[in-house]
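The values are calculated or read from the model by the stated rules, or taken from the named source; none is laboratory data. All values derive from a computational prediction rather than experimental measurement. In this analysis, Cβ positions are derived from the backbone assuming ideal geometry, glycine residues included, and neighbour counts consider all displayed protein chains.
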Amino acid sequence: MGKTSRPRRGSLAFSPRVRAKRPYGRVQTYPISEEVRLQLFPAYKAGMSHVFIIDDRKGSLTYGQEISVPVTVLETPPVFVCAVRIYAKAERGKKAIYEVWAKDLPKQIFRKIPKIKKYDFEKAINKAEELVKSGKAVDVRAIICTQPWKGNVPKKTPEIVEAGVSGKSLEEKWEYCKKILGTEIQVSKIFNEGEFVDVIGITKGKGFQGPVKRWGIKILPRKTRKGRRQVGSIGPWTPAKVMWTVPMAGQMGYHQRTELNKRILKIGTNGEEITPKGGFLRYGPIRSDYIVVSGSVPGTTKRLLLLRQAIRPPKFPSGTPTITYISLKSQQG
């Protein structure tokens, strides 16, 4: 007699598989670090290529040799720090209690938020200072907006993202936020070459799909009644209900996903040294700052990704990688 059981088809790890609420991710957790800096930076996905580097992974069979690595190129126009948000302790974690906005905001940001005619910046910064020094505040975070018009992304409306700030104490974080408020920040001031980052993004959307494509169940035999691309049974008589674990049709793709430990191989300012002949497919040339990360990242071309300081980075390799060759082969056709 054959087996009466089998491993289930498809992982339940990401259930329910519903559409994301917005086309870029949401970050709620940041690693603990004593270095004072922003812990998040937005980037736009341009495309993929490959490079040759000297393998610096100790214990690897190819240690010290030249190896080929697939890479993803991300364009990172400088971001504008438009506000500082102060958090207080609440029953269920933290809650925002106050915000300080910069004096001169980019005009494009008012496509996203209403214009404030009378805003007393000095009064706002003094009140925020009191909250930090009185002990009511427990955390400080920065609100940054992207500037896609400085890159090669054809859009005028910026995305507004909250970024965590690391540091030894709350006062140290507050002084750093006051310093960068109303200024532009480049990716080279946040991350370094050789550092590991987590990439948070929204995957490619594939619409409404059946259980065979969505969950990987087997196609039923030819003479099966009422269809073959479906589950054989949706449940027993008792309990008389359909369990949530039964593979069913529904939304596939356009989910938020996090790729851990993507190593930054290169950070540059001259896009010509990384743009292939004819530009990246469906993106074009790199016109602003860029970074090159190892491996693939979620999402489609031109989609916004959030690069977070790695929450559990590996111990090695460390240091700046040695790149010997960058492929600029044309991707057209």
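Per-structure values
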| quantity | calculated |
| --- | --- |
| Condition broken by PRO42, with the remaining ones in (1) on the phi < 0 side of the Ramachandran plot; (2) of a type outside the set (D, E, K, R); (3) not assigned by TED's automatic domain parsing to the domain that holds LEU328 satisfied | (3) |
| Per-region count, region 248-268, residues in contact (Cβ under 8 Å) with a residue 60 or more places away in the chain and not in a strand (DSSP E or B) | 2 |
| Search result, residues across region 235-247 that are in contact (Cβ under 8 Å) with a residue 24 or more places away in the chain and either hydrophobic (A, V, I, L, M, F, W, C) or touching a helix residue (DSSP H, G or I) at 6+ places or on another chain (Cβ under 9 Å) (or both) | TRP244, PRO247 |
| Output for region 78-125, where each listed residue is among the aliphatic types (A, V, I, L, M), within 25 Å of ASP289 (Cβ to Cβ) and touching a helix residue (DSSP H, G or I) at 6+ places or on another chain (Cβ under 9 Å) | VAL79, VAL81, VAL84, ALA102 |
| Cross-chain or 6+ apart pairs with Cβ under 7 Å, region 196-215 first and on the phi > 0 side of the Ramachandran plot, then modelled with pLDDT of 95 or more | GLY207/MET252 |
| Tally, over region 193-238, of residues that are surrounded by 12 or more Cβ atoms within 10 Å (Cβ to Cβ) and either not polar (S, T, N, Q) or not assigned by TED's automatic domain parsing to the domain that holds SER318 (or both) | 30 |
| Region 162-171, residues that are surrounded by 15 or more Cβ atoms within 10 Å (Cβ to Cβ) and among the charged types (D, E, K, R) | GLU162 |
| Matching strands (runs of 3 or more DSSP E) fully within region 1-111 where at least 3 residues are exposed (fewer than 13 other Cβ atoms within 10 Å of the Cβ) and not basic (Lys, Arg) | 66-75 |
| Strands (runs of 3 or more DSSP E) wholly inside region 283-333 containing at least 1 residues that are more than 14 Å from the chain's Cα centre (by Cα) and over 15 Å from GLY268 (Cβ atoms) | 290-294, 323-326 |
